[in-house]
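All remarks here apply to the structure that follows.
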Amino acid sequence: MFRAVVAGVGLAAFLLAAFLLLRIMPGDPAELRLQRQDLGGAQLRVEMQQRLGTDQALAEQLSVWIKGLLRGDLGRSFASDRPLAAELTRRLPWSFAVGMGGLALGAMIGIVLGFASAARGGTAALAGRAFAVAGQILPSFGVAVVLLWLLAGHWQLVRPLTGPPAERLLLPVLVVAFFAVGGFARVVTRTLQQVEQAPFFTAALTKGLGRSQALRRHGGGHAMLAVLAVLTPQLGWAIGGTAVVELVFGLPGLSVFVVEGLRNRDYPLLQAFLLIAGLWILLARGFVSMLVAWLDPRPRPFE
Amino acid sequence: MKGLSRRRALLVVIGSLLPLVGGAAVHAQETRVTVGQTFIAESLDPTEGSAGWALTSHGVAETLFTVDRHGEIVPRLAESIEPRDDGSWVLTLRADRRFSDGTPVTAAEVAAALTRVTDLNPAARASAGRLHATALSDHELLITSERPTPVMASVLAEWPLAIARLTERGPVFTGPFAVAEFEPGIRLLLVPNPYFPDAVRRPAVDLRRIADGQALALGLKAGEFDLAFNLPSEALGLLRADPALIVKSFPVGYQYMMWLNTRGEPLADVRVRRALALAIDRDELVKAIRAGRPSRSAYADYFAFAGEASPPHDPAAAARLLDEAGWRVGPDGRRARDGAPLTLSLWAYPQRPDLVTMQPVLKAQLAALGIAVETRLTEEPTSTARAAAFDLMLWAQHTAPAGDPAFFLRLFLSPDAANNFAGIDEPRLSKVLDRLGEAGEPAARVALAKEAQAVIAETVPVVFLVTPEWHVGLSRRLAGYEPWGSDYYVIREDLTVTR
Amino acid sequence: MPTRGCLAAFVVLLAGLATCWQPHDPHAIDLERALAGPSLLHPLGTDHLGRDLASRLAVGAGRTLLVAGTALGLGALLGLALGLAAPVLGGGARRLLLDLASLLLVLPRLLLALALTALFGLAPITAGLSLGLATTAHHTLLTAALADAVLREPYWLAARSLGSGRLACARRHLLPAVRPAFLTHLGTEAARIVVAYSELTFIGLGADSSAPDWGTMIWDYRLYLLESPRLTLAPLMAIAVLALALHLAFDPVEPRGRRPARRFPGP
């Protein structure tokens, strides 16, 4: 309960800050909308500002938004006048599938690779390191384009742009996983290497367990904790952070929509997005910290 | 063993986070072509924003008049239009046309559509203000405009004036295709409009938005599209090497140009502006963007009112003009006057990648004359240009979208225009514009347009650089498709599958 | 540490020299020689406008370092401070701080960058600042997670029960315990910053779009990825070298015997 209250206060402060930050940004949504239609002039701008409600005082705009939220109404897009709730529900699954699918796949491969590299070293260790380095220096649009060219353009194995949803998600998930694998593999390897030096591990070896068997049995929990520590900050971009991939693969996801919304200064859209993404990250974090407490019930000194 | 079970539980949790995706492909019975392009209509209502343009481009909506592939204004839903002495117009409709729900196109429907769209969409009022239309008979209507115009046919060819009929299930149109499924801005499934002549020859069209040009090209290569519209020129080599594909390039009505901010020094001096115009090597620009041809005037070459003389490239003359204006070359090779260096900012915007490519080329060309150029990018070109926060501004614009030369001149070069980027107030241009507001005779309009272009060449508020070419990629099934009309008419009635 | 520090200093010095001197004018266009392969005249070949690739790479070194340096410095300072404060404060304050940090993670980088540009104007240093702020949340969460793991060790309970103050504990025991893993993380973050900058430069955050830095070059040359991958690979390799130098300077490889027996380090 206490946790929920704290999280609620945090979310409210965050949304208020975002509300103000959006309006600090240069660019008038009314003017931008007129420009997209090749229109201009003071008269039209005033009319458009009235229509969008940006002519009102900040406090008034804020109260309109909050009242709407209390009624369960996310408002309408400044760019298209369409209700945001419907638009977001249609786009959210795409982004979520790409982000979470990619992270999950990346975590699985990373864990396997990490175990293999700690137990045997050699190729697995090299692969883990290669993924980690590649994930840092390669730009995601480059990896996406090369995958698209190889698997679709050259070998014609999938139809990522016009196929059924599962086929369209395949390559984007692979790209996200590609960038996630290295981090997971390295953290698992390092954790296991440290476990190897712990006294209880030596004890396990003297009981007659093989090295990789002992690693699996005694290092598993520790590795999981480390994986969760890496996963938590990444959950933040599971929705909304996959714009480049969505753009390249033509997915009608939330992330590209948000980038477009930024360009149009679509305040209601961005506010609605930040509300949803904020709720998501808090819930996900709460869930992860429960998992951590369950996996490692030792007390913390300052709690 | 407790640790093990926890680990298992965790794996199950992570596994269940994997998206459950499914959905088998539904293979339709009818002939279907898939089209990829960078834009899809955001709405089916022509009173909203630029929906009229998008729907016309998709082959769904039609206007009363249209611009054909030679740049001529020709009747489409209309048969003819005649002016009356009081400045109003009598329009006669074709008798055989129907909306895609089967109702005939009557004068009453068209009158309602015109009045509604000019009432609700400011873009529809740009040329002649509000239109008021009343039906005289089944096929004749009387049109009066808020501001008189000598060329009502051209006004009626403007994209916001797409003719729609409102029904309970949304607007319906008259074009060769009708909307079957619609996801705004994402996807549009079109079926042949059964009431448009020769409907059986047309395939269903699955229109997809692919915002990234490189992805579009690779999708075409993968066989995902039958038609990929507006491919980046960098991808053409890859596509032309593929025997299964056909790439067609075509000139468009857009022009790449450079606005000169005449409000302050150094560009207030016409000699400096003329020097800049002379310094530009257009052939090099064309080579840099890999397609198109050097601009000869404000309009694409296929328009009757396009100027013909090639603008000269003469760096020596440019240098003389700059010397005359007091900007002399210093020991460091840079021009300066009274100790102040000649430095200009040159803007472009990423939405038109060709302009960004041209930036460093122009920078180098001006550097050769001793002019220092700072290249800059803006995400909001119209704001930057209107705020006059630039010296030189690269710009892409269709200069005669409704087949009439006055459009560009009125929008950008009349002293009080919102888009008077150059900040020019040239009485001779204003006079030409006034006369264009009266002359209805095509030959007279051509002569006036050429006069305006001569004044522009002399006073240099803007320099025309390149008439670009765009590229369309086709599968063998659409081998017969001929692109024309820029992005105003992509899906047309002659879109048929080659067997 | 000293030798590795020297290596990093050498790379920085090299970048500084490269910014001052290049074999060719990096802005000179030669369309007849566009996309030419490596030769004696042009050791890395030319780009799509016939500009010398090596010279562009050289002139971009300084700008790239400026961005990466600003972003890393700011992000690390703030992230370390907040990340250590959270577990030490404990209770509701800890929760609130970490919640806010996670919330910041969902704020699109572009939004932050645009707002900051509006406030501070355009320059590579602005881009660095906005990237630094954008990564602060990440650093904070990571530091907090590292500190959290350390805090669960039995000796902490001992130190606390001996009556050491929170601040003293953090400074004397927590910071040294967290530092190695955090620095490792910083080393790997440098490359990410430069690549992330390639997105920002293109929305107008680069003060002069034709003054190249490595991030802008990657973005500019992306359309030639299939036709001449050399153009994209060159700045990527440069970034990799920079990242490697920083990586080594920040000391990830500890001799086996000296490795402290920490149980739950971060990445």
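The values are calculated or read from the model by the stated rules, or taken from the named source; none is laboratory data. Remember, predicted model here, so these are calculated numbers, not experimental data. With ideal geometry, Cβ positions are generated from the backbone for all residues, glycine too; neighbour counts draw on all protein chains shown. Each accessible area value is taken on the protein alone, full model and side chains, heavy atoms only, with ligands, DNA and RNA left out. Shrake-Rupley method; radii C 1.70, N 1.55, O 1.52, S 1.80 Å.
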Query raised in the report: Put a dot 7 Å past each Cα toward the Cβ at B:Ala199 and B:Thr496; how far apart are the dots in nm?
Result: 1.7
Query - Principal-axis tilt of helix A:2-24 within chain A, Cα atoms, nearest 10 degrees - result: 50
Query - Cβ-derived FRET efficiency at R0 25 Å, C:Leu77 paired with A:Ala4, nearest 0.05 - result: 0.20
Report summary line: Taking Lys and Arg as +1 and Asp and Glu as -1, residues besides B:Val155 with C-beta under 13 Å from its C-beta add up to +1
Query raised in the report: FRET efficiency for B:Val90 and B:Ala447, Cβ-Cβ distance as r, R0 = 25 Å, nearest 0.05?
Result: 0.35
Requested in this report: May I have the convex hull volume per residue, in Å³, for the Cα set of the range A:2-70?
Outcome: 103
Query - Chain pair A, B: total accessible area buried, heavy atoms, 1.4 Å probe, Å² - result: 4300
Report summary line: Helix A:123-137: inclination vs chain A longest Cα principal axis, degrees, rounded to 10, gives 20
Query - Loop GluC sites (Glu not before Pro), the range B:140-232, which have at most 15 other Cβ atoms in a 10 Å radius of their Cβ (DSSP) - result: B:Glu146, B:Glu168
Query raised in the report: Computed on protein heavy atoms with a 1.4 Å probe, what is the summed buried accessible area for the chain pair A and C, in Å² to the nearest 100?
Result: 5500
Query raised in the report: Relative contact order (percent) for the range B:293-389, with alpha-carbon contacts under 8 angstrom and 6 or more residues of separation?
Result: 20
Report summary line: Listed residues A:Ile109, A:Ile281, A:Ile137; largest mean-square fluctuation, Gaussian network over chain A with Cα springs below 10 Å, found at A:Ile137
Query raised in the report: For the range A:199-263, what is the largest minus smallest coordinate of the Cα atoms on each principal axis, given in angstrom and ordered from greatest to least?
Result: 63, 20, 11
Report summary line: Across A:Gly40, A:Gly99, A:Gly250, the residue with the highest GNM fluctuation in chain A (Cα network, 10 Å cutoff) is A:Gly40
Report summary line: Nearest-0.05 FRET efficiency for B:Ala340 and A:Gln213 at R0 = 60 Å, using Cβ-Cβ distance, is 0.15
Query raised in the report: Out of every Cα-Cα pair in the range B:254-467, what percent are more than 24 Å apart?
Result: 40
Query - Qualifying lysines (Cα of each under 19 Å from Cα of A:Lys207; at least 8 residues distant if same chain) - result: B:Lys2
Query raised in the report: Between A:Ala12 and C:Asp25, what is the label-to-label distance in nm when each label sits 7 Å out along the Cα-to-Cβ direction?
Result: 6.3
Requested in this report: Could you give the size of the charge dipole of chain A about its Cα centre, using +1 on the Cβ of each K and R and -1 on the Cβ of each D and E, expressed in debye and rounded to the nearest 20?
Outcome: 1000
**Report entry** Inter-site label distance for A:Val112 and C:Arg172 at 7 Å from Cα along Cβ, in nm
**Finding:** 4.9
**Report entry** Of all DSSP beta bridges in the protein assembly as shown, antiparallel share, percent nearest 5
**Finding:** 80
Requested in this report: Hey, for a label at B:Arg386 modelled as a point 7 Å past Cα toward Cβ, could you say which residues of the range B:113-135 have their backbone N under 15 Å away?
Outcome: B:122-123, B:126
Report task. Could you rank the peptides A:77-89, B:463-475 by their average count of other C-beta atoms within 10 Å per residue, with the highest value first? Result -> B:463-475, A:77-89
Report task. Counting only heavy atoms of the protein chains, get the accessible area per residue of the protein assembly as shown (1.4 Å probe) and round it to a whole Å² value. Result -> 40
Query raised in the report: Of all the accessible heavy-atom surface of the range A:1-113, with the other protein chains kept in place and a 1.4 Å probe, what percent is carbon and sulfur?
Result: 67
Query raised in the report: Counting each DSSP H run of 4 or more residues in chain A as -39500 (n - 2.57), what helix-only mean residue ellipticity at 222 nm follows after dividing by all residues, to the nearest 500 deg cm²/dmol?
Result: -24000 deg cm²/dmol
Requested in this report: Sorted from largest down, give the three principal axis spans of the alpha carbons of the protein assembly as shown, whole angstrom values.
Outcome: 106, 75, 61
Report summary line: Taking every C-alpha to C-alpha distance in the range B:457-499 and binning by 10 Å from 0, the per-bin percentages run 21, 37, 19, 13, 9, 1
Query raised in the report: Hey, any idea what % of the range B:62-163's accessible area is carbon plus sulfur with a 1.4 Å probe?
Result: 50
Requested in this report: Using only the alpha carbons, work out the radius of gyration and Dmax of the range A:92-295 in angstrom.
Outcome: 19.4, 66
Report task. Specify the residue with the greatest mean-square fluctuation among A:Ala132, A:Ala226, A:Ala13, computed from a Gaussian network of chain A linking alpha-carbon atoms under 10 Å apart. Result -> A:Ala13
Query raised in the report: Please report, for the Cα atoms of chain B, the Rg to one decimal and the Dmax as a whole number; what are they, in angstrom?
Result: 26.1, 98
